[in-house]
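Contents: one structure, followed by commentary.
Derivation of every value follows stated rules applied to the coordinates shown; laboratory data play no part. Computed from a prediction, not measured in an experiment: that's the story for all the values here. Don't worry about glycine lacking a Cβ; one is built from the backbone with ideal geometry, like all the others, and counts go over all protein chains shown.
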Amino acid sequence: MLWDEIRTEQEIEAQIAKQISSTAQILGIKSDQVFAISARQALIAKIKKDQNLLKRSGFEEFEYMLAVSMLDSKQSIIAKTVVAQFSEMMKVSRKLTQTELIAGKQLLDELKNLLDEHGGMSKILLVKVISDRKRYEPSVPTFNKAYIKIMFIGGKLLRHLSLAYLNKSIAQSRLDIDESWTTIGFNQVMRGLSKQTSELAEYIAKESALIKKLADNICDVIQYKHHFDKLSHQRLA
């Protein structure tokens with residue numbers, strides 16, 4: 001952003017407005033989505049401890065936008081990585097329970113209808129109930145172990161996406177910026193913040209993939225043993 005002390009206030013504002021309009025046109029976005037920032041004036045403001053100049057440099061507004069964007073991204077990521085995957089696990093659990101209840105009710109109805117006419121059939125049906133129970137029970141520990149592991153991984157994700165963790169990262173970035181007295185130093189801090197954000201996104205993607213793999217495995221086990229329909233997971237964006 002062009003800005004010097006020779007220009008009048010009106011000339012500076014006109015030049016800034018022109019640059020914003022030109023940048024928005026080049027990028028194909030709205031003008032209110034373009035931030036006019038002067039790294040030079042921000043550094044001068046920090047050296048002089050001039051709060052008004054720091055505000056005019058546009059840096060504080062950009063910093064606020066970045067913080068809000070990170071918090072919004074955090075909420076979106078949590079919703080997609082944790083809630084979506086856990087909902088699939090709950091669907092499997094619910095379907096298994098419903099199947100057992102339906103099967104049990106059908107067997108009870110058969111017992112009531114056949115008990116008087118075919119006393120021997122009740123023993124056969126009882127054996128079938130016991131056999132079905134033995135077939136379902138081995139899957140319960142497998143499901144529980146996978147659920148506990150997914151909850152543990154989800155807990156780690158929540159800690160890395162917690163408000164305290166993000167606030168700590170932002171506070172450290174502000175401290176680094178405050179200690180940067182040159183444009184080069186300022187740019188290095190901004191690149192570091194961008195790298196940190198990218199690494200956090202990669203970590204989330206990696207842990208989310210592990211959650212999906214565990215969910216797929218337990219679905220495969222239940223589908224193979226109990227002949228349920230294969231459940232498919234939507235890939236996270």
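Structure values in brief
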item: Proxy reagent accessibility, fewest Cβ within 10 Å first, across Ser208, Ser169; result: Ser169, Ser208
item: Distance between modelled label sites at Lys95 and Met65, nm, 7 Å Cα→Cβ extension; result: 4.5 nm
item: Ranked Tyr147, Tyr64, criterion: other C-beta atoms within 10 Å, fewest first; result: Tyr64, Tyr147
item: For segment 204-218, 3J(HN,Hα) per residue [Karplus equation, 6.51 cos²θ - 1.76 cosθ + 1.60, θ = phi - 60°, Hz, x = Gly/Pro]; result: 4, 4, 5, 5, 5, 5, 5, 4, 4, 5, 5, 5, 4, 4, 5
item: Likely footprinting exposure, Leu66, Leu175, Leu43, fewest C-beta neighbours within 10 Å first; result: Leu175, Leu66, Leu43
item: Above-threshold pairs, the threshold being 28 Å between Cα atoms, out of Lys18/Lys195; Lys168/Lys206; Lys91/Lys149; Lys30/Lys206; Lys105/Lys149; result: Lys18/Lys195; Lys30/Lys206; Lys105/Lys149
